[in-house]
Amino acid sequence: MVDPRNGTIAVHSEPKEGPDGLRYRCSVPYGFGDVVPAGRWTFDTSGLVRYR
């Protein structure tokens, strides 16, 4: 998830079905400018722009 208003990114993983539906058991926070891993790939976020 990318939030351009506050410049944050969250990578969610380890989905599991529960009583309320699908939930992710792990969430790792990142900020704009970080290199974010996503499986076998990485995503350079240095070019992302925050909303002002």
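Nothing in this text is a laboratory measurement; each read-out follows from the coordinates by a stated rule. Every value quoted in this text rests on a predicted model; they were computed, and no experiment measured them. All Cβ positions, glycine included, derive from the backbone under ideal geometry; neighbour counts span all protein chains shown.
Rank Phe43, Gly33, Gly21 by how far each Cα sits towards the positive end of the charge dipole of the chain (+1 on Lys, Arg Cβ; -1 on Asp, Glu Cβ) and give me just the farthest.
Positive-end residue among those listed: Gly33.
If you put +1 on each Lys and Arg Cβ and -1 on each Asp and Glu Cβ, how big is the dipole of the chain around its Cα centre, in Debye rounded to 20? Please list the in-between numbers first.
On the way: 7 positive and 6 negative charges, 25 e Å.
The dipole of the chain has a size of about 120 debye.
How much length, in nm to one decimal, is gained on full extension between Val2 and Ser27, taken as 0.36 nm per residue of separation minus their Cα-Cα distance? Walk me through the numbers on the way to the answer.
Values: separation 25, 0.36 × 25 = 9.00 nm, distance 1.26 nm.
Gain in length upon complete extension: 7.7 nm.
DSSP beta bridges in the chain, what fraction antiparallel, as a percent rounded to 5?
Values: 16 of 16 bridges.
Of the beta bridges lying entirely in the chain, close to 100 percent run antiparallel.
P(r) for the chain: what percent of alpha-carbon pairs falls in each 10 Å bin, starting at zero?
For the chain, the pair-distance distribution reads 23, 44, 25, 7.
Could you tell me which chymotrypsin sites (Phe, Trp or Tyr not before Pro) in the chain are loop residues by DSSP with no more than 14 other beta carbons within 10 angstrom of their beta carbon?
Listed in order of number, the matching sites are Tyr51.
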